[in-house]
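See structure below.
The values are calculated or read from the model by the stated rules, or taken from the named source; none is laboratory data. Predicted model, so just to flag it, every value in this text is computed and none were measured. Here the Cβ positions follow ideal geometry from the backbone for every residue, glycine too, while neighbour counts run over all protein chains shown. Ligands, DNA and RNA are excluded from the accessible area calculation, which covers all protein heavy atoms including side chains. Shrake-Rupley method; radii C 1.70, N 1.55, O 1.52, S 1.80 Å.
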Amino acid sequence: RPFSASWWFWLSLTGVNLAGAMGVKFVGLFVVLLVGLNTIYDLWDLLGNLSLSLVMFGKHLLARVLCLILLPLALYTAMFAVHFTVLNKSGPGDGFFSSAFQSQLIGNNLHNVSIPEHLAYGSVVTMKNLRMAGGYLHSHWHLYPEGIGARQQQVTAYLHKDLNNLWIVKKQDSDTADLSDPSSPVEFVRHGDIIRLEHKETSRNLHSHQHEAPLTRKHFQVTGYGINGTGDSNDFWRIEVVGRKSGKLIKVLRSQVRLTHVATGCILGSSGKTLPKWGWEQVEVTCTPYLKETPNSLWNFEDHINPKLPNISLDVLKPSFAEILLESHMVMIRVGYGLKPKDNEVTSKPWHWPINYQGLRFSGVNETDYRVYLLGNPVIWWLNLVTIGLYLLIALSTAVTLKRGVQLTSELKELSRVVLCGGGQIMLGWLLHYLPFFMMGRVLYFHHYFPAMLFSSMLTGITWDTLLKFCAGFLSPNTTARKVYGGGFLALVLLIMYSFYLFHPLSYGMIGPMASDPSSPMAGLRWMDSWEF
């Protein structure tokens, strides 16, 4: 009954839950896609209805735009407005965000702070890459390993605040006067100047040469080189501000700067790639010979310490809500795709999931530990797998039969119709929530299958309900048919409950010998060698 109160209620509730699904996890996008495909099909069907006027079709279209697009977007945005209001304090993840974003966080060193406005020689600074989650220019005492370019001090991009992010700005051809000396004049750094950056903690200069970068081929390696600020001509960098003329001053936080290596002509940048364990899983910094301007090769000065200069307030940096919303999402996406497995962490592949090939150890590794292990209920999991195979078999058989022109009996026609039509949307939901993971490059875990598992469980309910009714339909009287249907249903439920009873120690915790030990009470339940409980 289009446009009735109940029709509006269910359409609006669908929109509300789309916002909820997206608000929980980005995998909610697949639900949005499922509803979108259904809506397109629905509208196409309405458009083909010749008894429906174009005005009425327009009303249907507007109703869906209102309830399934505008309403979810408004609710989703409102959730993040609350999120930013409540979570307004500094934390260990501040470095993932831009300087402007950080200036809004209570407790962050940029919040309500005043710093010198223009960059000067002798200033102690941090440099932040403008790529989302690009990190701070960073160095430490560790050297690049043997066989990775020159064996010199590592230079990386680090996503957290750290003393090893501090650099001293110096002239190319002389030491800069001590900041504590009140008699030394202040000299500002200008667009086009050639400078050196000396790492404050290790006194080595930012350096590049024509050795290949660790991960990004055809880019040059960036290192820390020299002793107490004394190095060579490969330590010189030309500083340029995007969109500024030669000789202009460089503004802290607001100027987007590019550092060009004088000797090779390459540009300092963050590749966004995560280094192996020898690089402490920090982000690779390279010098790219490709002069295309991207956020990867642009930086801004964030922290700025120079007691000889007057300070200004950072209120001018305050970002809008839309900018904060966009940046937070870009950071979430980039960080999610950059996740790497931890030591001894069990990851999985998409083909593992439907067959319940491998679980996930939540806690405990020894016999004395209280052990919890995440594993799908084997009966439900494998029944779902059988059902998916059965559904695909029925769909394929029906298609082949119709193509050959073979007539089906009325009972088989009804069975195919109910299974395929009743389960078609559910099967599509399973495919949309499962197949995309085969194309993802990020680290994957067993729990990524859970939304798809819900769809496969619904498909199992629909299919077995239809099959039981189909089998019972051959029996008479009706009381016998009902008993067969009820008995089959009861057997299925009891089997699932018994399976839960057998495997419930996995969820509630186990102690004692491992399941691989024949004396363990769980030994008989290790049906697959890949189950590591």
message: Probe radius 1.4 Å, ligands and nucleic acids ignored: give me the carbon and sulfur share of the accessible area of the range 204-253 as a rounded percent.
response: 45
task: Mind grabbing the base-10 log of I(q)/I(0) for the chain at q = 0.05, 0.10, 0.13 Å⁻¹? Debye formula, identical points on the C-alpha positions, no solvent, two decimal places.
output: -0.34, -1.00, -1.26
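For the peptides 489-500, 217-228, 59-70, what is the packing order when you average, over each peptide's residues, the other Cβ atoms within 10 Å and list the highest mean first? Write down the numbers at each step before the final one.
On the way: 489-500: 12.6, 217-228: 19.0, 59-70: 15.3.
Those peptides, ordered most packed to least, come out 217-228, 59-70, 489-500.
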message: How much accessible area per residue does the chain have, counting only protein heavy atoms and a probe of 1.4 Å, in square angstrom?
response: 53
message: Helix 478-508 against the longest principal axis of the chain: what's the angle in degrees, Cα atoms only, rounded to the nearest 10?
response: 30
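Quantify, in whole percent, the carbon and sulfur part of the accessible surface of the range 271-399 (1.4 Å probe; protein heavy atoms only).
The nonpolar share, carbon plus sulfur, comes to 65 percent.
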message: Solvent-accessible area of Ile324, probe 1.4 Å, all protein chains present, reported in Å² to the nearest ten, please.
response: 30
task: Calculate the length of the line joining the C-alpha centroid of the range 290-317 to that of the range 377-417, in whole Å.
output: 64
- line: In nanometres, the difference between 0.36 nm per residue of separation and the alpha-carbon distance of Ala395 and His504 is 35.6 nm
- prompt: Between Ser53 and Thr264, what length comes free when the chain is fully extended (0.36 nm per residue of separation minus the Cα-Cα distance, one decimal in nm)?
  reply: 69.1 nm
query: If you find the alpha carbon centre of the range 1-71 and of the range 218-274, how far apart are they in angstrom?
result: 52
- prompt: For Arg526, Arg442, Arg404, Arg196, what's the largest-to-smallest order of accessible area, 1.4 Å probe?
  reply: Arg404, Arg526, Arg442, Arg196
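Tell me the chymotrypsin sites (Phe, Trp or Tyr not before Pro) within the range 50-149 that lie in a loop according to DSSP and have at most 11 other beta-carbon atoms within 10 Å. Could you put the intermediate results ahead of the total?
On the way: sites: Phe57, Tyr76, Phe80, Phe84, Phe96, Phe97, Phe101, Tyr121, Tyr136, Trp141; in loops: Phe97, Tyr121.
Of the chymotrypsin sites (Phe, Trp or Tyr not before Pro), not one in the loops of the range 50-149 has a Cβ with at most 11 other Cβ atoms within 10 Å.
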task: Whenever you get a sec, compute what percent of the accessible area on the range 5-86 sits on carbon and sulfur atoms (1.4 Å probe).
output: 78
statement: Between the Cα axis of helix 28-47 and the main Cα principal axis of the chain, the angle (0 to 90°, nearest 10) is 60
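Hey, can you rank 50-56, 305-311 by average C-beta count inside 10 Å, highest first?
Numbers: 50-56: 9.3, 305-311: 15.3.
Output ranking for 50-56, 305-311: 305-311, 50-56.
For every helix of n ≥ 4 consecutive DSSP H residues, a contribution of -39,500 (n - 2.57) applies; sum these over the chain, divide by its total residues, and give [θ] at 222 nm rounded to the nearest 500 deg cm²/dmol.
Details: 10 runs with 195 residues, N = 533.
Theoretical 222 nm ellipticity from helices: -12500 deg cm²/dmol.
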query: How far is helix 321-337 tilted off the main Cα axis of the chain, in degrees rounded to 10, range 0 to 90?
result: 80
query: Given Lys170/Lys273; Lys161/Lys318; Lys89/Lys170, which pairs have Cα atoms separated by over 25 Å?
result: Lys170/Lys273; Lys89/Lys170
